[in-house]
Amino acid sequence: MTDCRNAPHHSGCRRVFAALVLSMLLLLALPASAAGSYSVAIEGAGDSASMLKKFLDVSRRADTKDVPPEEIRRMAATAPQQIKSLLATQGYFAPDIQSEVDQSTSPWTIRFRIDRGPLTHVDSVNIRFSGAIANGPHADPRRIERLRRAWSLKPGEAFTADAWNNAKNGLLKPLLIEDYPTATITHSEAKVDPANASAALAVDVDSGPLVTFGELQIHGLKRYPRSMVNAINPIHPGDPYSQKKLNELQSRLEDTGYFRSAFATINAEPAHPERVPVRLDLTENPRERLALGGGFSTDTGARLQAKWLDRDFLHRNWRLESELRVDRETRLLGNDVYLPSLQNGWFPSFGAHFERDVSAGETDDTIRVGGQLASPDKLDEKVWGVAYLADRQQIGDAFRNHRQALLGTFTYTRRRLDNLLTPTRGYFASAEFGLGPRGLINEDTILRTRLRATWLKPLWGRWHTIVRGEVGQVFGGSRLTIPGDLLFRTGGDQTVRGYGYNTLGVEQDGAIVGGKVMAVASAELIYQLKPQWGLAVFTDEGNAADSWSEFQFKRGTGAGVRWRSPIGPVSVDVAYGHAVHKIRLHFSIGYGF
C-alpha cells in the first residue's frame, strides 16, 4: 500500500489521485435517477393537487434515496390509475390524465397533466326503511320522514366520498342513540354516470327492534349504599333505549362527588330487545381526602388553598367540604355539607362561610349561612335556596357600616356546550333571582336579579368568536343597608379587561364599592394557530353604579394568547383601559359556566 502522506509527488500517489478524480467525474456524469432522485410535477389538478401529492405512491417516495430507475418507471406507470381512484373520492369520475417521465432533467421529472372533467352531482336519493320503525306496533312514519329530510347529501349537491359517508353516518346515528341501538345499513349504493356527471344514491336501513331498558346491574359499589344510586337513576325498566339517559346517569353519579367514574352500557341483541339489563361500572372515591394547592391570577395574585373532604360525615354518608383559602384580596374559611339526593334526585346542601375581602380600598368581613336544593339535571339546572348575609364594611379609618339581609333565591342555568371543560361551540345562560321581604332582618324589601350569557361559535376556517353579556340590578334598599355580596362591582380578568379586579363601581371616600346596577358586554375573535393554540383580539365594556341614570360604560380593548390546556382554556391578555389610560396584563383559566 502506498503511503502518500509524506511523498505527495510519488508516482504511486499520482496514480491513486488520478483514480479518485476519474471516479468522481464518472459519478457526476451519471443521471440523477441512478441515485434514486426524482421530482413530481402535477399540473391542472386545481385544489386536488395537494391531496394527490399526499397520497400518490410516486409522490410520497420522491424524497427517498436509492430508488432504482425501474421502480421509478413502475410507479409512474401505475400512478394514473391511482389518480383516477383518488379523484373519484372528490367527485371527479371522468378525468383525462397524461403522464411522462422526463429523463432529460436532473433529477428526472415525472410530470402529470390532468383535466379533472366535470364534478359529479347527486341526481336522486332513495332511502328505504325496514324493521320496527317501519312495521308493526312501533312504526313511526313521522320519524322516518324527519330522517329523510335530515339526509345531508341532497339532489344537486356535489357527490364526494366524505359527503357520502357523512350522510350515511348522519342517517344512522339518530337511530343508534335513541330507541334502536342495533340499527344497521344493510345496503348502500351510489350509481355514478360519468357521461352525465350524476349519481343516483340508494340506502337501505334496518332499524331492528325497539330496545327497552331492564334492571340496573351495579358493579364496583362497596363503600356506599345502592340506595344512593337508585335515588338519582333516571332510567326505569321498560323505558325505550336512550344514550342520553345513560349519559345522564353517568353525569349525575360523577357530580355527587362519591364516584371517580361511572360507565353505563347495555349489550343489546336483536333477538332479545326487551328489558335489556343496564350494566353500571363504578369507581368509588375514598371517604376522606386532604388537598393542598396553590395558584395565581392577575386579579388576586398568588393563592394558597387547603381542602378537607369527608364523604361519611357523622357516619351518615353526608359529604363535608371544608376550605381555607388565602390570596392577595381574600381570606376565606368555609364549610359545606352535601346530603345524599332525595328520591326525586334533587340534592340538598347547607353551609356557612366567613370571608374577608380587601379590594379597591374597601374591606368587607362577611358571614354567609344558607341552604340549597339543586336539581340533578346540569343541562337545565335549577337551584332553590335561602341565605342569610351579614357584613362589616370599612373604608379607611373614618367609615364603618354594618349590613345584613335574608333572601330566598332561585337560579336557573341552561348549558348547551360541546364540552363543559374546553368548549368550542354552544352557549351558557343563567338567571338569578333573590327576594327578601321587609321585616325582622331586612330594613327594606329587596329584589335582586342577575342575568348572564356566553356564546361560542366557530365562524369560518380557523376563526372563532366568543360573546359575553351580563346585567344585574337590586331593587329596594340602598347600598348602605344591602350587604356587599348582593351589590355589583366589575373589572378584571373575566369581566372588563384593562381594569383592576373590582375597580369599576361606585366611588365612596376614595374607595370603589358595590352599586345597585351593573352591565358587562364583551366580544372576542380568536384565530386558531394550532388545535391547542390561538391568538385573540377583544373589546370589553362594563361598569356598576347606583342607578342607570348614573351608569356609564368603561371600555377595554386588547389582544392575547389562548391555550386549550388539560385543565381548561388558559388566557393571557394585554388590555388597554380607555378610562384610565393604562395597559394591564391579565391571566385566567376557564370560563364561568
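The values are calculated or read from the model by the stated rules, or taken from the named source; none is laboratory data. As the structure is a computational prediction, the values presented were derived from the model and not from experiment. Glycine gets a Cβ as well: all are built from the backbone with ideal geometry, and neighbour counts include every protein chain shown.
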What's the number of the only condition in (1) assigned to a helix (DSSP H, G or I); (2) at pLDDT 95 or above that S251 fails to meet?
(2)
Hey, can you tell me all the residues within region 158-172 that are of a type in the set (D, E, K, R) and either farther than 10 Å from T89 by Cα or free of Cβ contacts under 8 Å to residues at least 12 places away in the same chain (or both)?
K168
Count of region 453-485 residues which are part of a loop (DSSP other than H, G, I, E, B), touching a Leu at 6+ places or on another chain (Cβ under 7 Å) and surrounded by 20 or more Cβ atoms within 10 Å (Cβ to Cβ)
2
For region 303-335, which positions are part of a strand (DSSP E or B), closer than 26 Å to S227 by Cβ, modelled with pLDDT under 95 and of a type in the set (S, T, N, Q)?
none
Please state which one of N442, N401 is surrounded by 14 or more Cβ atoms within 10 Å (Cβ to Cβ) and outside any strand (DSSP E or B).
N442
How many residues, within region 236-250, are surrounded by 13 or more Cβ atoms within 10 Å (Cβ to Cβ) and either closer than 15 Å to N285 by Cα or of a type in the set (K, R) (or both)?
2
Among all residue pairs at least 6 apart or on different chains, which show Cβ distances below 8 Å where the first residue, located in region 53-65, is over 13 Å from F112 (Cβ atoms) and the second is modelled with pLDDT of 90 or more and of a type in the set (K, R)?
R60/K54
Please state which one of A544, A519, A579 is within 30 Å of F399 (Cα to Cα), outside any strand (DSSP E or B), touching a residue at least 40 places away in the same chain (Cβ under 8 Å) and among the hydrophobic types (A, V, I, L, M, F, W, C).
A579
Going residue by residue through region 105-114, is there one that turns out to be loosely packed, with under 14 Cβ neighbours inside 10 Å, over 34 Å from the mean Cα position of the chain (by Cα) and under 29 Å from N196 (Cβ atoms)?
no
Counting only residues that are assigned to a strand (DSSP E or B) and among the aliphatic types (A, V, I, L, M), which one in region 547-576 is modelled with the lowest pLDDT?
V570
I'd like the residue in region 62-93 that is in contact with a Gly (Cβ under 9 Å, 6 or more places away or on another chain) and farther than 17 Å from T160 by Cβ and, out of all such residues, is surrounded by the most Cβ atoms within 10 Å (Cβ to Cβ).
I72
All but one of (1) under 21 Å from A49 (Cα atoms); (2) touching a residue at least 12 places away in the same chain (Cβ under 8 Å); (3) not hydroxyl-bearing (S, T, Y) hold for D102, so report the exception by its number.
(2)
Does at least one position in region 186-207 carry a residue that is small (G, A, S) and free of Cβ contacts under 8 Å to residues at least 40 places away in the same chain?
yes
Within region 142-157, can you find the residues that are free of Cβ contacts under 8 Å to residues at least 24 places away in the same chain and either in a helix (DSSP H, G or I) or touching a strand residue (DSSP E or B) at 6+ places or on another chain (Cβ under 8 Å) (or both)?
R142, R143, I144, E145, R146, R148, R149
Are any of the residues in region 352-364 over 24 Å from R311 (Cα atoms), among the β-branched types (V, I, T), in contact (Cβ under 8 Å) with a residue 40 or more places away in the chain and part of a strand (DSSP E or B)?
no
Considering region 169-180 alone, what residues qualify as being assigned to a helix (DSSP H, G or I) and either surrounded by fewer than 19 Cβ atoms within 10 Å (Cβ to Cβ) or among the polar types (S, T, N, Q) (or both)?
N169, G170, L172, K173, P174, L176, I177
